[in-house]
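A quick write-up on the structure given underneath.
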Amino acid sequence: MQEQRFSELRLDSVSRSFGEQAALRELSLTVQAGEFIALLGPSGCGKTTALNCIAGLLPLTGGSIWLDGRRVDDVPPEQRGFGMVFQNYALFPHMTVRDNVAFGLRMRKVSGAEIRRRVDEVMQLVRLEEHAKKLPPQLSGGQQQRVAIARAIVYEPPLVLMDEPLSNLDAQLRLTMRTEIRRLHQALHLTTIYVTHDQEEALSMADRLVVLREGVVQQVGTPEVLYANPTNRYVAGFMGYRNILEFDVAEASDGHAVLQGKGVQLTGRTFEPVEGRAVAALRPDDIAVGDQGSNLIEVTAEVVEYHGRELLVDARLPGGEQLFFRTEQRVAPGDRVTLTVPEERVLIYPADAPRAPVEVVA
Amino acid sequence: MTATTPSGTATGAPARTGQPSMRQRLAERGIDRVLLLLLPGVVFLLLLFIYPFLYGLQLSFAPLKGGLLSNYETFFSDPYLRDTILITLGLGVPAALLNVLVSVPIAYRMRGAYRGKRTLTTLLVVPITLGTVLTAEGLILYLGPSGWVNKLLLDFHLVQEPVSLVHNYWGVFFSLVITGFPFAFLLVLSYLSGIDPNLEKAAAIMGAGWRQRFRYITLPLLAPGLAITFCLSFVLAFSVFPSANLVGDPAGSTHVISIAAFHAAFEQFDYPMGSAIAMIMGAVMLGVIAIVLGWRGTLYRGATGGKG
């Protein structure tokens, strides 16, 4: 049985609450076939809830899910035909690796010869041939992970859901598997929805990111858009804008603002009008040592971490606020350094982070 | 941990320098010193159970009259005694089987979290606290010739004469089910909650309906637990004594093996014969348990990934 292909998956105001607690509020998203979507956010932001709703493991409390013209949110999980990789893998401990992988095909009443052929093919794809006869507990974490992926893609599901599949692996393996998953996604023309709390993982793998906070979508966009233009300070914080400093607004015009305070004057870009107090978000890599131009910041280096090619410096503003920057120049603790930031790399947001989603055209 | 003695040893123990502590050396050999605290308990157990067992065993070979094996010869040559084995098996095996089989679907249905779970579990487990005598009284009142059930059956003209449901095989059988079910149910429920719920979710997403999920995932992981539950239920049912007397037919169809042993030891004062019957009873139980555990040995018994 060939799984039914589709051209788009549409989530329409999908909501889920647990009692009074809203875990997911009005998630609307259209996923094109072949896309790799990452749902990104810290634990408790609703990303796993969203995934379980799509999988059919959790009934919705509002909204609907559509595969092209067909409404699927009331279809039980076994009839949706999706694939899913669980965070703890959920491999069947009493079945061999081979039987685990073949399970989905068996349930689809595929013939024995066809099962053998397709399982062989997938086992080769995830490089597990020599472990076929082992039981899952006999495998290493990375191998179990690959079984979980093989098991989810062997019946060529139209949609593959992945729930933090790499979070139980060590850093080295995580990098390898990242590439591996992306490779499988491209080779098999899968449509993937991938849940993670790791922004680097999301940026490097996904075609589009959905950043969630307390069940509310903050921003949807390509990695480039989110990285360069996070729509609010929360997304900025998640995208590696590690320095978020609060100042008075000295001057604000269309798309630009000048902030003042702490012995510093910063000019930067705004995404919505600011007045009174505002925060500036700066990435440690955008800050350079040097006193040419504008946007100068005087700091005292406090802790210097050696990161190979460069140093990560934890410095203090004259007022005592913390500021991180990266540099290839030699800086020692206690040094007074003048820093500069390009104006287009200073992102200015209202001091009170908005809860409501902001419409951003990607 | 933070103690700093002049010599610089980190532990507070006055260990000889360079020598690992006693505890460490024992641990190297797989000996946990704390477990030695079990020793008094083990001695107590030996005195309380093993000694009487051995005493009974030798007593059974010292009959009041006749040769070494004459007690056993008597038992197996007298059909009235010999048949107690079959009668007791005929009660114990079906009752234990029914208790386990009925527990599975109910516990399966109740494994998740939902409102009122505790109340429902309590209700199902209450019979365990009633005791056999109360259960027997209830059964007589309810199922007896002038009990509610027979009254109802007669009033609706479903039967012409009262159906005998007590003071025969069925009375004892019902009693065993009523008192044995809560026990089996609790065990099955705890085995079920030891299975990672994600396994069933994964199976569902891969296309397995609830029947297939149960057949291919839950049942294989539960089976070893069911074997143990059956063994314990069977042992409980096999030593049936009070209900065989109270709601059974102790001289006939429910002349179970424990009644035979009691009769020999405490009514005929033939202790050696009573001991012999008790030994035979033990052997039969061990035989059944050995068969079930032998089957269990062929199953997957590793981790089931759950919390329990």
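Counted residue by residue at 0.36 nm each, then reduced by the alpha carbon distance between them, the extension gain from A:ASP207 to A:THR61 reaches 49.7 nm.
Taking each pair of distinct Cα atoms in region A:16-74 once, what is the resulting Kirkwood hydrodynamic radius in Å?
12.4
Hey, what did chain A get for relative contact order, percent, Cα under 8 Å, at least 6 apart?
Details: 780 pairs, mean separation 56.2, N = 362.
RCO, chain A: 16 percent.
Pairs of Cα atoms nearer than 8 Å and 6+ residues apart set the relative contact order; for chain B it is 26 percent.
Between A:GLU302 and A:GLU214, what is the FRET efficiency for a Förster distance of 45 Å, r being their Cβ-Cβ separation, to the nearest 0.05? Provide the component values of the computation, followed by the final result.
On the way: r = 33 Å, r/R0 = 0.74.
So, using R0 = 45 Å, E works out to roughly 0.85.
Treat every Asp and Glu Cβ in region A:226-316 as -1 and every Lys and Arg Cβ as +1, leave all other atoms uncharged, and give the resulting dipole magnitude about the Cα centre to the nearest 20 debye. Display every interim value, and only then the final one.
On the way: 8 positive and 14 negative charges, 39 e Å.
It comes to approximately 180 debye.
Computed with the Debye formula from one identical point scatterer per Cα of the protein assembly as shown, without solvent, the log10 of I(q)/I(0) at q = 0.06, 0.09, 0.10, 0.12 Å⁻¹ comes to -0.60, -0.99, -1.08, -1.24. Over all projection directions, the Cα-based convex hull of chain A averages an area of 21.0 nm². Multiplying the residue separation of A:LYS109 and A:SER7 by 0.36 nm and subtracting their alpha-carbon distance yields 34.1 nm.
Spin-label model, A:GLU310/B:PHE76: points 7 Å from Cα along the beta carbon direction are separated by 8.9 nm.
Between A:THR179 and A:GLU343, the contour length at 0.36 nm per residue exceeds the alpha carbon distance by 55.6 nm. Put +1 on the Cβ of each Lys and Arg and -1 on the Cβ of each Asp and Glu in the protein assembly as shown; which of B:PHE183, B:PRO145, A:MET123 then has its Cα farthest toward the positive end of the dipole? The one lying farthest along the dipole's positive direction is B:PRO145. For A:LYS109, a cut-off of 23 angstrom between C-alpha atoms picks up these lysines, skipping any fewer than 8 places away in its own chain: A:LYS133, B:LYS201. Only Lys, Arg, Asp and Glu carry charge here, each on its Cβ (+1 for the first two, -1 for the last two); on that basis chain B has a dipole of about 1780 debye about its Cα centre. Between A:ASP335 and B:ARG23, the C-beta separation translates, for a Förster distance of 60 Å, into a calculated FRET efficiency of about 0.70.
For region B:132-280, what D do you get in µm² per second when you plug the Kirkwood radius from alpha-carbon pairs into Stokes-Einstein at 20 °C and 1.002 mPa s? Mind dumping the intermediate values first?
Values: Rh = 18.6 Å.
Stokes-Einstein gives a translational diffusion coefficient of 115 µm²/s.
Testing the spin-label approximation: label points 7 Å from Cα along Cα→Cβ at B:ALA290 and A:ARG117. State their distance in nm. Going from the B:ALA290 label point to the A:ARG117 one covers 5.2 nm.
Filter the GluC sites (Glu not before Pro) in region A:20-75 to those in DSSP coil with at most 13 other Cβ atoms within 10 Å of their Cβ, and list the result.
On the way: sites: A:GLU20, A:GLU26, A:GLU35; in loops: A:GLU20, A:GLU35.
Here the GluC sites (Glu not before Pro) that fit, given the DSSP loop and packing criteria, are A:GLU20.
Taken along the Cα-to-beta-carbon direction at a fixed 7 Å, the label points for B:ARG115 and A:GLU224 span 5.3 nm. Under 5 Å from the amide H of A:GLU302 lie the amide H atoms of A:ASP314, A:ALA315, A:ARG316, A:GLY334, each residue being 5 or more positions distant or on a separate chain, with H modelled from the backbone and absent for Pro and chain starts.
Where the alpha-carbon atoms of region A:64-127 are placed on the principal axes, they occupy 37, 29, 21 Å, in descending order. Listed from fewest to most Cβ neighbours within 10 Å, the set B:VAL284, B:VAL43 follows the order B:VAL43, B:VAL284. Taking only the Cα atoms of chain B, the ratio Rg/Rh comes out at 1.11, with Rh defined as the Kirkwood radius. All Cα-Cα separations within region B:123-184 were binned at 10 Å from zero, giving a P(r) of 23, 45, 25, 7, each value a whole percent of the pairs. Note on the protein assembly as shown: dipole from Cβ charges, positive end direction compared against B:TYR72, B:GLY92, B:ILE257; the farthest Cα belongs to B:TYR72.
Bear in mind these aren't lab numbers, they're just calculated from the coordinates by the rules spelled out. This is a predicted model, so every value here is computed, not measured. All Cβ positions, even for glycine, are placed from backbone atoms using ideal geometry, and neighbour counts span all protein chains on display.
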